[in-house]
Every structure is written in C-alpha cells, then in structure tokens.
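Only one structure is covered here, and it is reproduced in the block below.
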Amino acid sequence: VSPGCRGAQGRFAYKLLHDLFANYSSALRPVEDTDRALNVTLRVTLSQIIDMDERNQVLTSYLWVRQTWLDAHLNWDKDEYGGIDIIRIPSSYVWRPDIILYNNADEHFGGSMETNVVLRSDGHITWDSPAITKSSCKVDVSYFPFDGQRCRLTFGSWTYNGNQIDLRNQLDTGDLTDFVENVEWEVLGMPATRNVITYGCCSEPYPDVTYTLLLRRRASFYIFNLLLPCIMVSFLAPLGFYLPADSGEKVSLGVTVLLALTVFQLLVAESMPPSESVPLIGKYYIATMTMITASTALTIFIMNVHHCGPGARPVPPWARRLILHHMARLCCVYEVGESCKSPQRALGRQAGVGDAGGPEESPGEGQVGTEVRGCPWDHCLCHHDALLRNVGYIAGCFRRHRTNQRRTGEWKKVAKVMDRFFMWVFFLMVFLLSVLVLGNAA
C-alpha cells in the first residue's frame with residue numbers, strides 16, 4: 001500500500017469517527033424501538049484463581065469478560081469510508097450495559113478495566129475487559145482437606161430489567177482455554193446457566209447468567225503437613241503403656257503427645273471459618289486427643305496398681321484367673337525363665353505357695369525343733385524360752401517378708417499385663433480411626 005493510500009485511510013477514519021458521534025449520546029439505550037429489548041451476549045473466560053479465603057468465604061479470581069450487543073445508532077456504509085469495516089475506540093464513547101457481578105465481595109467494588117471496544121460497520125460492538133473480582137462463596141469444610149467447593153459468579157444488569165436488556169450466555173460453560181493452573185485448587189468445570197428472577201423490590205423480571213466454578217482441593221500439602229504428623233504422633237501414645245512403670249515418663253509422654261495435637265488443632269482452626277461444620281481433620285484431632293486423654297488416665301490407674309505396697313490386699317481370685325492367666329497368655333507377658341506359651345506353670349507354683357501362716361517353713365526351723373526334741377535337757381542351751389521366742393520371731397519375719405514380696409510381685413505383674421493389653425487396644429483404635437478418616441475422605 002502506498003503512503004498516499006495510508007493517509008487516505010487515516011482521513012476516512014477521522015471522518016467516520018466525527019460522523020458517528022456528531023449526534024450520538026452514550027446515556028441512552030441504543031435501540032430503534034424503545035419497547036423492544038436489547039440483546040446482550042455474555043462470555044466469561046477464567047484466567048486465574050488468585051486466592052480462596054475459606055475463613056472469610058471470599059474467592060478472588062482473574063476474569064476476562066466479553067460483552068456483545070448491537071448499537072442501532074453506530075452503523076455505516078464501509079464503501080463510503082474507504083472500506084473501513086472495524087474501528088477501535090474508547091469504551092467511554094459508546095453506551096455500555098451495566099452488567100455487574102451480583103455477589104461481589106470487594107469493599108471498593110471495582111468494576112471492569114476501561115478498555116477499548118471493537119465497533120463493526122453493522123453496529124455490533126464487542127467489549128473485552130479484564131477484571132479481578134472478589135466474589136462471596138459458601139465454603140463447606142466438612143471434608144477438609146479432601147473437600148470440593150462450588151463457587152457461583154452471577155452476572156446481571158443492575159438497573160435494566162428483562163424488558164429492556166435480554167442477557168444471554170454465549171457458551172454453555174465458561175472458557176478455560178487460557179486458565180493458569182492453581183497450586184491449591186483444581187478446576188473441574190465451569191457450567192453456565194441463564195436465570196430469570198423476579199425480586200421483591202420490582203415486578204419486572206431480571207435475567208442473569210450464573211457461572212458455577214467447580215473446585216477440588218489438592219490435598220497433598222495438607223496430608224504431608226497436617227495429617228501424617230498427627231498420625232505418627234498419635235501412634236506414639238499407645239507406646240506409653242510399653243514404658244516401664246519405674247521410668248517415671250509414662251504420664252509425661254501422654255501429656256506431650258496431647259500438647260502436640262493441640263498445636264495442630266489450633267493451626268487448622270485458624271484457617272477454617274467459625275461455623276458449626278467441623279472439618280474432617282478436626283474431628284480426627286478431637287477423637288485422637290480423647291483417646292490420648294483416656295490412655296493417660298488409664299496409665300495413672302495402672303501405675304497405682306504397680307506401686308501397691310506391702311500393705312495391699314492379695315490379688316483377688318477372679319483377677320488372678322482373668323488377668324494373670326488368660327490375659328497374660330493373650331498378651332504374651334511372662335517373667336524371666338517362663339515360656340510365653342505356657343505361663344500357667346509359674347502361676348501354679350505361685351498359687352501353691354500360701355500366704356502368711358501357710359505350710360511353708362523357713363530354712364532351719366525344722367532343724368531347730370529336731371535339736372530341741374533330741375538334745376539333752378541338762379546339757380543344751382536350746383531349752384531356754386528366750387532363745388526359742390527369738391528364733392520364732394525371726395522365722396515369722398522371714399515368712400511375712402516373702403509373702404509381701406510375692407504379693408507385690410503379683411500386683412506388678414497385673415499392672416504389666418494391663419499395660420500390654422491396653423497398648424494393643426489403643427494401637428488398634430488409632431489404626432481404625434486413621435482408616436476411617438481416609439475412607440471418609442475417599
């Protein structure tokens with residue numbers, strides 16, 4: 001094209017702009033018949049999800065909004081203007097529909113960017129404008145961090161009713177071809193629906209186009225930072241039953257694990273909305289903390305059983321039969337030199353030994369009696385009553401000491417069997433609870 005032709009095109013463009021807007025007003029709806037509705041077509045492209053604020057229930061997204069309509073006062077014969085078919089002019093020059101986001105949650109209520117419009121010779125106007133929107137979204141965190149959200153973006157005219165502007169969606173879904181993947185949320189779809197609603201303030205119908213953004217949370221970050229540490233810490237709680245009672249750390253371990261889970265619970269509570277819906281991971285924390293509290297209370301009770309002194313009562317027969325026989329075999333608890341598969345032999349030996357005053361005699365007691373009966377009365381000193389009382393006192397103390405040792409040992413074994421039993425019970429409960437949480441998440 002020669003420079004002269006390019007200069008002619010420029011003069012035609014200036015002349016066209018002057019002729020079009022000589023008697024044009026951007027304040028009035030551009031229709032020939034004011035009783036007819038103006039068709040406005042809407043198309044929304046999702047470019048990026050900037051942020052999802054679960055606590056305040058606000059979705060921040062970057063959108064490209066395209067609006068198309070026919071302006072009856074802005075058309076021309078392109079042959080009269082050097083074949084110019086399309087011009088691009090500032091959007092403030094022409095009438096624009098007041099399409100806004102109904103569920104806007106921005107405190108400044110910022111609208112679309114003031115971009116140019118594309119005007120064709122037949123009067124069709126296309127207005128593409130990018131916008132960063134903050135929309136209210138009802139967040140359901142019942143299955144956090146394995147949750148999905150449905151956020152709606154409702155567009156409609158603020159002042160024009162359905163008899164003046166007929167708003168329609170160009171596509172049945174939002175455009176996701178230029179979407180930038182989000183690190184936290186996965187977009188499953190963005191279906192669009194057209195609704196005609198009659199509000200309580202007005203009798204006229206108001207059409208709107210609602211885009212439903214289907215989101216699913218990428219749970220890998222929360223699994224590795226919140227769920228797995230909680231599971232590993234919760235498996236430490238049953239090991240408190242395995243610690244020896246004389247170590248003095250059984251209760252400390254339970255309290256430490258309880259404090260660690262409290263910290264994780266606070267981290268989850270800070271990011272969740274204060275609603276009645278408790279997230280799944282929060283329920284898991286509460287259930288685990290309840291189990292750890294119960295295990296710590298049982299540990300205190302078992303330590304009292306372990307430290308029963310010599311003045312304690314003998315082990316009841318039902319406890320001897322249930323705990324020292326059946327539960328000891330079930331939990332494989334045995335003493336040194338005793339087989340795990342046959343603990344009843346040692347128990348039989350213990351059961352054959354009586355308490356104080358039993359048939360057992362102390363070493364040397366029978367020999368003393370023999371000497372007393374066999375020694376000559378005139379030549380032995382054993383016939384003195386004082387010596388006999390002393391020997392009897394020593395033998396009685398020895399028998400009582402052995403009885404107290406045996407009784408204390410039985411209570412310690414009762415405590416050990418109960419420790420092992422509750423350790424496996426709580427291991428099973430933690431495992432089942434973890435499987436239940438993962439199953440509900442799936």
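The values are calculated or read from the model by the stated rules, or taken from the named source; none is laboratory data. What you see is a predicted model; the values in this text were computed from it and never measured. We place every Cβ from the backbone using ideal geometry, glycine too, and count neighbours over all the protein chains shown. For accessibility, only protein heavy atoms count, side chains too; no ligands or nucleic acids. Shrake-Rupley method; radii C 1.70, N 1.55, O 1.52, S 1.80 Å.
When we screen GLU204, GLU184 for residues that are within 27 Å of the chain's Cα centre (by Cα) and surrounded by fewer than 16 Cβ atoms within 10 Å (Cβ to Cβ), the only hit is GLU184. Evaluate region 109-130: report whether one residue or more is open to solvent by 60 Å² or more (accessible area, probe 1.4 Å), of a type in the set (Phe, Trp, Tyr) and within 18 Å of VAL58 (Cβ to Cβ). Yes; the residues of region 109-130 include at least one that is open to solvent by 60 Å² or more (accessible area, probe 1.4 Å), of a type in the set (Phe, Trp, Tyr) and within 18 Å of VAL58 (Cβ to Cβ). Quick check on region 164-175. Is at least one of its residues crowded, with 18+ Cβ neighbours inside 10 Å, of a type in the set (Val, Ile, Thr), closer than 30 Å to ASN440 by Cβ and in contact with a strand residue (DSSP E or B) (Cβ under 7 Å, 6 or more places away or on another chain)? Checked region 164-175: no residue is crowded, with 18+ Cβ neighbours inside 10 Å, of a type in the set (Val, Ile, Thr), closer than 30 Å to ASN440 by Cβ and in contact with a strand residue (DSSP E or B) (Cβ under 7 Å, 6 or more places away or on another chain). Considered as a group, the residues in region 191-224 that are in contact with a Ser or Thr (Cβ under 9 Å, 6 or more places away or on another chain) and not in a strand (DSSP E or B) include one that is nearest to GLN170 (Cα to Cα), and that residue is PRO205.
Here THR198 qualifies as at pLDDT below 90, in the same structural domain as ILE50 (by the TED database), farther than 30 Å from GLY83 by Cβ and among the β-branched types (Val, Ile, Thr). Residue check, ARG88 against (1) buried (at least 16 other Cβ atoms within 10 Å of the Cβ); (2) touching a Leu at 6+ places or on another chain (Cβ under 9 Å), all met but one. Which one? The failed condition is (1).
Taking the listed residues LEU243, LEU176, LEU226, the one that is more than 18 Å from ALA287 (Cβ to Cβ) and touching a residue at least 60 places away in the same chain (Cβ under 8 Å) is LEU176, with no other qualifying.
Does VAL233 meet the test of being closer than 28 Å to SER135 by Cβ and of a type in the set (A, V, I, L, M)? Considered against the rule, which asks whether it is closer than 28 Å to SER135 by Cβ and of a type in the set (A, V, I, L, M), VAL233 comes out as no.
Selection of region 91-105 for residues being exposed (fewer than 15 other Cβ atoms within 10 Å of the Cβ) and either in contact with a Leu (Cβ under 8 Å, 6 or more places away or on another chain) or part of a loop (DSSP other than H, G, I, E, B) (or both) yields only ASP98. From the residues in region 267-286 that are outside any loop (DSSP other than H, G, I, E, B) and of a type in the set (Gly, Ala, Ser), which one is surrounded by the most Cβ atoms within 10 Å (Cβ to Cβ)? Among those residues, the one meeting the criterion is GLY282.
Going by the structure shown, is TYR24 of a type outside the set (S, T, N, Q), open to solvent by 20 Å² or more (accessible area, probe 1.4 Å) and not in a loop (DSSP other than H, G, I, E, B)? So TYR24 fails the test.
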